Amino acid sequence: MNLSVTGHHLVVTPGLLEYVMSRLNRLKSRLEDSTRVVVRFAGKRKNGWAQSIHISINLPGKVIVIREFLRREIGDFYTSVNKAVGMLAEKLDRHAHTQDKTHRSARTVVRSNKYTAAAV
């Protein structure tokens, strides 16, 4: 898993970086080694931007994006990271389930019957 953590109009502290890495390491078993994960923290600006977390994962054939905005009553990046990683885990499970269903339905079942056996 290739992890990139950046801050836009915000400084990412070493504690926050370590916390994000520990939370995303729990998802490591669901991801391949070559999967790229980008986490971006956005800070507040004068023109009305809110603080947010943007996590994107590039999977083969699909990009999963999670965006979590900080609420005023919470106001904590750590809580928002927990919520965003939880939503990401759900999306990864859903993606894996749909991949299994797609591959299962694509398989062809070869059945032998008495007519094909007699012709050979």
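Would you mind stating whether Leu16 is touching a residue at least 60 places away in the same chain (Cβ under 8 Å) and of a type in the set (A, V, I, L, M)? Give the steps one after another, and end with the answer.
Working: touching a residue at least 60 places away in the same chain (Cβ under 8 Å): yes; of a type in the set (A, V, I, L, M): yes.
Answer is yes for this residue.
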Name the one entry in Ile64, Ile53 that is touching a helix residue (DSSP H, G or I) at 6+ places or on another chain (Cβ under 6 Å) and closer than 17 Å to Ser80 by Cα.
Ile53
Every pair of residues 6+ apart whose Cβ atoms lie under 9 Å, when the first sits in region 84-105 and is on the phi > 0 side of the Ramachandran plot and part of a helix (DSSP H, G or I) while the second is of a type in the set (Asp, Glu) and at pLDDT 80 or above:
none
Selection status of Leu10, in contact with a strand residue (DSSP E or B) (Cβ under 6 Å, 6 or more places away or on another chain), surrounded by 13 or more Cβ atoms within 10 Å (Cβ to Cβ) and modelled with pLDDT under 85
yes
Only one of Ser52, Ser56 is surrounded by 15 or more Cβ atoms within 10 Å (Cβ to Cβ), without any contact (Cβ under 8 Å) to a residue 60 or more places away in the chain, among the hydroxyl-bearing types (Ser, Thr, Tyr) and in contact with a Phe, Trp or Tyr (Cβ under 8 Å, 6 or more places away or on another chain), namely Ser52
Considering only region 1-48, state which residues are touching a Lys or Arg at 6+ places or on another chain (Cβ under 8 Å), part of a loop (DSSP other than H, G, I, E, B) and under 30 Å from Ala96 (Cβ atoms).
Met1
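The values are calculated or read from the model by the stated rules, or taken from the named source; none is laboratory data. Note that this is a predicted model, so its numbers are computed, not measured. Because the Cβ atoms are built from the backbone with ideal geometry, glycine has one as well, and the counts that use them run over all protein chains shown.
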